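The structure appears below as structure tokens.
The values are calculated or read from the model by the stated rules, or taken from the named source; none is laboratory data. If you're wondering where the values come from, they're calculated on a predicted model, not measured in any experiment. All Cβ positions, even for glycine, are placed from backbone atoms using ideal geometry, and neighbour counts span all protein chains on display.
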């Protein structure tokens, strides 16, 4: 038989092997010839001298001589030697043959489709279900869950090569299409990336309209380098979350937060928010005071109570009705005077004037109790829940701790598109 290329000769033998029920391998590649052999060709020493077991798995090699030699003559390839006899049983069952390495379908169109599904966060099992539906017969699928996992791992390794260069290329390309796109990267003395900030034009437009109140929080396990992710989040006219900017930081020190807040301020044409809500991180608080001089810093109510959750639960258990009265005092007073009266009545009733937990909460009352912020527009925000819910959405549906930086930036653009779609849907529904 004559073939235009050696690849055609290999594919012909592979299809024959599939029908016969065995796998093949490329055994010898020379300039003028190729040898394609049965995958059970050769031998392997399973035991060392003395009978000690050498390998964890039995070798499949049994010295099979079945093979074909294809040779180049002029511009064409032809089979020079053909040996069809095997010294082992064949497995013509399609459900078994498809698991042999040489018989796994590597069709570029299918592999590209699989890559698209994996990049969209589709699980291996769901991907297999999709392929089974398209193929029509699940038993004849030319791959399994492990193949998909291996494919994903290989793609991740490839994506992680020159990750920072790819990130810079993405930012530069995006700025070419939209000059309002803003990004800044801080490097350390060794030239290693330390902090990354970026904000799309739509983020800056949203900040110009809805940037009076901002929440900021960081989260972990969102990228391959374990860099904490921070997002500046606010609320639009539909009370939906809007994102003003993204930042990835190496650490959470005051110096780092000062760089983050200054970069954010420069991006937003040096406009300070009226109020910003954060958790009770002292480094973050110091950085806010240094950068946003005119901004009111408000602490997250949920974090304040959660920080003392264990001590409060003990107090609730030993003082019946305390929990209801404490939450009433925290949530319902309209003025600081009303809150302080309600608080004093509560601690007096239960004789808890000197309790360290309640004293700690009371000392910081002006930073987290809602009645102290009645004269300030806070967009109905009392906590960093908007930032935290956005963080959960990002990690739950878009990225994980294996995501390279440039892929992470592209995924965040998808997050913005989803938020814009949600806003458009709400706008139409409210008309």
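Within segment 65-83, can one find any residue that is within 26 Å of residue 142 (Cβ to Cβ) and either modelled with pLDDT under 90 or within 43 Å of the chain's Cα centre (by Cα) (or both)?
Scanning segment 65-83 turns up no residue that is within 26 Å of residue 142 (Cβ to Cβ) and either modelled with pLDDT under 90 or within 43 Å of the chain's Cα centre (by Cα) (or both).
Just checking, does segment 32-44 include any residue being in a strand (DSSP E or B), more than 27 Å from residue 95 (Cβ to Cβ), in contact with a helix residue (DSSP H, G or I) (Cβ under 9 Å, 6 or more places away or on another chain) and at pLDDT 90 or above?
yes
When segment 15-42 is examined, which residues are found to be under 11 Å from residue 102 (Cβ atoms) and surrounded by fewer than 15 Cβ atoms within 10 Å (Cβ to Cβ)?
Answer for segment 15-42, where residues must be under 11 Å from residue 102 (Cβ atoms) and surrounded by fewer than 15 Cβ atoms within 10 Å (Cβ to Cβ): 15, 26.
Evaluate the following for residue 180: is it more than 15 Å from residue 260 (Cβ to Cβ), modelled with pLDDT under 95 and in a helix (DSSP H, G or I)?
no
Out of all the residues in segment 179-192, which are exposed (fewer than 11 other Cβ atoms within 10 Å of the Cβ) and either touching a helix residue (DSSP H, G or I) at 6+ places or on another chain (Cβ under 8 Å) or closer than 15 Å to residue 405 by Cβ (or both)?
192
Consider segment 235-265. How many of its residues are part of a helix (DSSP H, G or I) and either without any contact (Cβ under 8 Å) to a residue 60 or more places away in the chain or in contact with a helix residue (DSSP H, G or I) (Cβ under 6 Å, 6 or more places away or on another chain) (or both)?
7
Collect the residues in segment 95-114 that are within 21 Å of residue 39 (Cβ to Cβ) and out of contact with any strand residue (DSSP E or B) (no Cβ under 9 Å at 6 or more places or on another chain), keeping them in residue-number order.
Within segment 95-114, 95, 96, 97, 98, 99, 104, 105, 106, 107 qualify.
Which is modelled with pLDDT of 90 or more and in contact with a strand residue (DSSP E or B) (Cβ under 6 Å, 6 or more places away or on another chain), of 261, 246?
Being modelled with pLDDT of 90 or more and in contact with a strand residue (DSSP E or B) (Cβ under 6 Å, 6 or more places away or on another chain) holds for just one of 261, 246, which is 246.
Would you kindly identify the helices (runs of 4 or more DSSP H) lying entirely within segment 82-138 that contain at least 3 residues that are surrounded by fewer than 15 Cβ atoms within 10 Å (Cβ to Cβ)?
108-119, 124-135
Would you point out which residue out of 345, 353, 338 is at pLDDT 90 or above, touching a helix residue (DSSP H, G or I) at 6+ places or on another chain (Cβ under 7 Å), surrounded by fewer than 20 Cβ atoms within 10 Å (Cβ to Cβ) and in a helix (DSSP H, G or I)?
Sole residue among the options that is at pLDDT 90 or above, touching a helix residue (DSSP H, G or I) at 6+ places or on another chain (Cβ under 7 Å), surrounded by fewer than 20 Cβ atoms within 10 Å (Cβ to Cβ) and in a helix (DSSP H, G or I): 338.
For every residue, the table says whether it meets (1) more than 19 Å from residue 263 (Cβ to Cβ); (2) without any contact (Cβ under 8 Å) to a residue 40 or more places away in the chain; (3) in the same structural domain as residue 121 (by TED's automatic domain parsing).
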{"site": "144", "(1), (2), (3)": "yes, no, yes"}
{"site": "147", "(1), (2), (3)": "yes, no, yes"}
{"site": "155", "(1), (2), (3)": "yes, no, yes"}
{"site": "170", "(1), (2), (3)": "no, no, no"}
{"site": "175", "(1), (2), (3)": "no, yes, no"}
{"site": "195", "(1), (2), (3)": "no, no, no"}
{"site": "199", "(1), (2), (3)": "no, no, no"}
{"site": "202", "(1), (2), (3)": "no, no, no"}
{"site": "213", "(1), (2), (3)": "yes, no, no"}
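Working only within segment 266-302, note down all residues that are touching a residue at least 60 places away in the same chain (Cβ under 8 Å), part of a loop (DSSP other than H, G, I, E, B) and crowded, with 18+ Cβ neighbours inside 10 Å.
268, 273, 279, 300
Select from segment 381-400 the residues that are in a loop (DSSP other than H, G, I, E, B) and at pLDDT below 75 and write down the one among them that is surrounded by the fewest Cβ atoms within 10 Å (Cβ to Cβ).
If we take residues in segment 381-400 being in a loop (DSSP other than H, G, I, E, B) and at pLDDT below 75, then 400 is surrounded by the fewest Cβ atoms within 10 Å (Cβ to Cβ).
Could you count how many residues in segment 157-168 are free of Cβ contacts under 8 Å to residues at least 24 places away in the same chain and under 30 Å from residue 205 (Cβ atoms)?
Result for segment 157-168: 2.
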